[in-house]
Amino acid sequence: MARSNSTQTPNTTATAELTSIHDSFSSILTRWSAASIQDVILDRTGVGIDPAAMTVLNVLVRAGGSARPSHVAQQTGTGASNVSKVLARMEDKGLVVRSTDPADQRAVSIAVTPSGHRVHRAVVDTSNGMLAELLHDWPAADVAQFSRLLARYAQVLQDTVFR
């Protein structure tokens, strides 16, 4: 992906559209990741985990079900100490297990257990229900287009920032 150079000036329409995208993402991320919304999702789900555990579970599932703690820390933007505490709580609840990383016997890998996958599925189902409530009056074609475009953006972000 080509990087903008600071001497380039996008046209006014592009600048206004980019500002609108930035403002919208900021609003969505602030609201959806707020502890109050995460608590609503978890309360509705009834799985007995905290928002930090939900975030770590999402990272592990997106990574294919297992990852090193350093990967979790990088993806969540937090430190190893915090990740270790969250993983310990999750391990106590039977959501994850620690093992030696098969690729490097000196490293630890964290894997989601079948119970952890069930909790993750319940959280996703509850989140999907909340999204359905929010988008209930959108035409199906708009929801499909929004889904495609958001997935495309997420992939570009992943490929560019988290290589």
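The values are calculated or read from the model by the stated rules, or taken from the named source; none is laboratory data. The structure presented is a predicted model; accordingly, all values stated were derived computationally and were not measured. Cβ placement follows ideal geometry from the backbone for every residue including glycine, while neighbour counts extend to all protein chains displayed. These accessible areas exclude ligands, DNA and RNA; they are computed on the full protein's heavy atoms, side chains included. Shrake-Rupley method; radii C 1.70, N 1.55, O 1.52, S 1.80 Å.
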Positions within segment 137-161 being over 13 Å from the mean Cα position of the chain (by Cα) and under 15 Å from R62 (Cα atoms), in sequence order: D159
Only listed residue being more than 25 Å from L29 (Cβ to Cβ) and free of Cβ contacts under 8 Å to residues at least 12 places away in the same chain, chosen from A73, A88: A88
Within segment 109-146, tally of residues that are of a type in the set (D, E, K, R) and more than 15 Å from V47 (Cα to Cα): 3
Conditions (1) part of a helix (DSSP H, G or I); (2) in contact with a strand residue (DSSP E or B) (Cβ under 9 Å, 6 or more places away or on another chain): number failed by A111: (1)
Selection from segment 114-152 of residues that are among the hydroxyl-bearing types (S, T, Y) and touching a helix residue (DSSP H, G or I) at 6+ places or on another chain (Cβ under 9 Å): T126, S127
Matching residues in segment 1-25 - criterion: being open to solvent by 50 Å² or more (accessible area, probe 1.4 Å) and modelled with pLDDT of 80 or more: T15, A16, E17, L18, T19, S20, I21, H22, D23, S24, F25
Considering residues of segment 58-104 that are basic (K, R) and within 22 Å of Q158 (Cβ to Cβ) only, the residue surrounded by the most Cβ atoms within 10 Å (Cβ to Cβ): R68
Every residue from segment 70-108 that is closer than 18 Å to T45 by Cα and in contact with a strand residue (DSSP E or B) (Cβ under 9 Å, 6 or more places away or on another chain): M90, L95
Top-ranked residue of segment 130-158 - restricted to ones that are open to solvent by less than 90 Å² (accessible area, probe 1.4 Å) and assigned to a loop (DSSP other than H, G, I, E, B), ranked as nearest to I37 (Cα to Cα): L135
Conditions (1) at pLDDT 95 or above; (2) under 17 Å from the mean Cα position of the chain (by Cα); (3) among the polar types (S, T, N, Q): number failed by T78: (1)
